[in-house]
Amino acid sequence: MEHISLYRRFRPSTFDKVIGQRHVVRTLTNQIKTNRVGHAYLFTGTRGTGKTSCAKIFARAVNCLRPVDGSPCGECEVCRALDSGASIDIIEMDAASNNRVDEIRDLKENVQYRPTVGKYKVYIIDEVHMLTTSAFNALLKTLEEPPEYVIFILATTEVQKLPQTILSRCMRFDFRLVSKEELVGLLKRIFDEMNVKYDERALQLIAVAGEGSVRDTLSVADMCLSYGGDEITYEDALEITATTSYDTLEELAFDILDGRVGDALNTTDRLLSLGRTTLSKDLASYFGELITIKNVPSYTPDGLTAEQVERLDKKLVGYTNYRLARTMDVMCALEGDLRYSTQPKVLFEAAIVKCCELTTEINIDGLTGRIKDLEKKLADLEKNGVRVPENAISATVIKEQTDTVPARQTPEDTKEKPPKSKLDDVNELLTKVAERQVEVVFEETNKEEDESSVYLAGEIWGRVLMRLSDSDEMMLKMAASCVEGGYKIVDNDFILETADNATYNIFIREEYRAVMQKLIREESGTDYTFVCVRAKEKEESVRPEDRLTLDRLFNGEIKIRPKK
């Protein structure tokens with residue numbers, strides 16, 4: 001007996017066998033029940049989601065003499081005639097190979113002939129986006145006003161290529177990707193009917209490999225049947241789908257998170273030598289599962305037990321969501337690059353090393369990672385009884401605030417003061433020097449404490465950079481990429497410091513400043529004012545003339561530290 005592929009053998013013949021497209025099935029069956037059938041339909045969606053199958057079922061249902069819940073009965077003389085293939089009332093046309101205007105003209109000539117056995121003559125045009133512009137134009141009038149006994153069903157995977165004049169004349173149905181649970185349920189029904197033994201974990205792997213397409217899922221299942229015979233095991237499914245097991249992914253993932261470059265590269269080399277071509281996609285999906293496990297207590301991924309999830313949750317305590325998300329982001333970006341690379345193994349290993357050492361990158365991600373490590377170390381010190389100073393306001397900020405507030409005058413201030421003597425000038429000069437030295441020492445003492453505001457600004461800036469990378473603001477994106485660490489938060493101001501004139505000129509423009517302020521507000525939750533300033537050179541603590549006076553008075557014995 002000739003072998004028939006699973007997706008052909010188990011193609012649905014009625015609407016109740018169609019999975020994952022409830023919104024389409026319900027609309028079409030209601031139209032048939034109420035006799036409100038349209039004249040032109042457009043079925044669009046990803047490959048293998050049931051567009052052609054629904055079109056064939058609908059074509060038979062509108063002609064059926066006794067439809068059952070909107071589906072063809074399969075028993076009346078019309079259904080039997082249509083199933084035999086001898087009827088010419090249902091015409092299937094492949095637009096990929098019949099895309100010229102001549103084929104459409106032939107179609108228009110045949111439209112005038114009435115159906116032979118049924119009530120309607122149904123034209124199913126598959127891959128309709130392949131028609132030429134002339135063919136579309138030739139079809140327009142007939143599509144808009146066909147004879148009362150003609151129904152057009154257009155199917156396509158690339159609806160964006162269709163002219164608006166075609167779209168506006170059709171009733172559009174968008175077919176969605178089928179969920180993994182529904183695909184697993186379909187596989188169970190098929191294998192139970194075929195008396196095939198299976199491991200449920202294997203069915204989940206097959207469903208994931210199908211990526212929401214029923215046809216792709218059944219094609220993978222067909223290969224597993226050929227490989228394993230009458231029993232589908234988890235190991236066979238791993239081999240056919242080239243998927244990496246959860247245990248191996250866990251080993252590799254935590255090697256990456258802990259920065260064990262050698263172990264991660266050894267595991268990677270072993271997996272790639274086994275032909276695991278989907279390793280980057282598997283890793284990205286696994287890190288997505290880890291983020292969900294870390295943040296959703298009740299979540300248990302398919303294929304893992306509750307004990308395994310609890311163990312993973314405990315292991316993830318020492319890792320931030322940002323660390324997991326950045327690794328997932330690198331793996332997702334890598335998948336597209338691997339398609340066009342002549343050295344995919346080298347490219348993948350470079351990405352593994354990058355993920356292992358994210359905290360050593362010379363960019364905002366590396367800085368953020370190092371700051372996170374410092375925070376963790378400070379928290380450990382506090383647990384061990386070592387006191388960490390609270391955040392303090394910079395002496396410079398205090399000085400600026402006090403300079404802006406006028407001092408309250410007393411009656412003594414209004415009295416006329418005697419003229420200053422030379423000794424008073426010297427004392428005043430010494431007082432100024434002492435004040436400057438105290439200011440420097442205060443700033444040095446609180447240098448580590450002030451880093452907290454720099455860290456907060458760096459974290460906000462990192463999220464703003466990620467938002468800019470996905471936006472169309474090319475000028476801002478280029479300008480922001482030139483800034484390295486010149487940001488801080490002072491009071492309610494987010495201050496960006498740059499020595500580059502071009503960058504400065506971009507950020508001070510009102511329209512760009514408003515965009516940056518909006519992004520900072522959205523990412524921080526605080527209404528900071530965005531301020532861009534030029535980087536200043538370090539100033540001497542004492543003026544040259546003051547230094548000369550002090551040297552003369554004290555024979556150069558006083559040492560002045562320059563302000564840092």
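Points worth noting:
- Residue within the range 494-515 that is among the aliphatic types (A, V, I, L, M), more than 24 Å from the chain's Cα centre (by Cα) and within 27 Å of ASN321 (Cα to Cα) present: yes
- Note on the range 32-81: residues that are surrounded by 16 or more Cβ atoms within 10 Å (Cβ to Cβ), without any contact (Cβ under 8 Å) to a residue 24 or more places away in the chain and of a type in the set (S, T, N, Q) total 0.
- Restricting attention to the range 249-268, the residues being assigned to a helix (DSSP H, G or I) and either touching a residue at least 24 places away in the same chain (Cβ under 8 Å) or closer than 16 Å to LYS315 by Cα (or both) number 13.
- The sole residue among ASP199, ASP102, ASP192 that is outside the structural domain of HIS39 (by TED's automatic domain parsing), on the phi < 0 side of the Ramachandran plot, modelled with pLDDT under 90 and out of contact with any Cys (no Cβ under 9 Å at 6 or more places or on another chain) is ASP199.
- Of all residues in the range 147-165, those that are under 18 Å from THR49 (Cα atoms) and touching a residue at least 12 places away in the same chain (Cβ under 8 Å) have Cβ atoms under 9 Å from Cβ atoms of residues that are of a type in the set (Asp, Glu) and part of a loop (DSSP other than H, G, I, E, B), 6 or more apart or on another chain, in ALA155/GLU127; THR156/GLU127; THR157/GLU127; GLU158/GLU127.
- The residue of the range 477-513 that is nearest to SER524 (Cα to Cα), among those that are surrounded by fewer than 17 Cβ atoms within 10 Å (Cβ to Cβ) and touching a Cys at 6+ places or on another chain (Cβ under 7 Å), is ILE508.
- Comparison of ALA242, ALA209, ALA221 shows that the only residue that is surrounded by fewer than 20 Cβ atoms within 10 Å (Cβ to Cβ) and within 27 Å of GLY45 (Cα to Cα) is ALA242.
- Criterion (closer than 30 Å to THR248 by Cβ, at pLDDT below 85, charged (D, E, K, R) and over 22 Å from the mean Cα position of the chain (by Cα)) met by exactly one of LYS415, LYS345, LYS399, LYS376: LYS376
- When we screen ILE256, ILE291, ILE232 for residues that are among the β-branched types (Val, Ile, Thr) and surrounded by fewer than 20 Cβ atoms within 10 Å (Cβ to Cβ), the only hit is ILE291.
- For ILE104, the stated conditions hold: it is out of contact with any strand residue (DSSP E or B) (no Cβ under 7 Å at 6 or more places or on another chain) and aliphatic (A, V, I, L, M).
- Filter result for the condition that a residue is out of contact with any strand residue (DSSP E or B) (no Cβ under 9 Å at 6 or more places or on another chain) and either β-branched (Val, Ile, Thr) or crowded, with 19+ Cβ neighbours inside 10 Å (or both), over LEU140, LEU183, LEU187: LEU183
The values are calculated or read from the model by the stated rules, or taken from the named source; none is laboratory data. If you're wondering where the values come from, they're calculated on a predicted model, not measured in any experiment. Methodologically, a virtual Cβ is constructed for each residue, glycine included, from the backbone with ideal geometry; neighbour enumeration extends over all protein chains shown.
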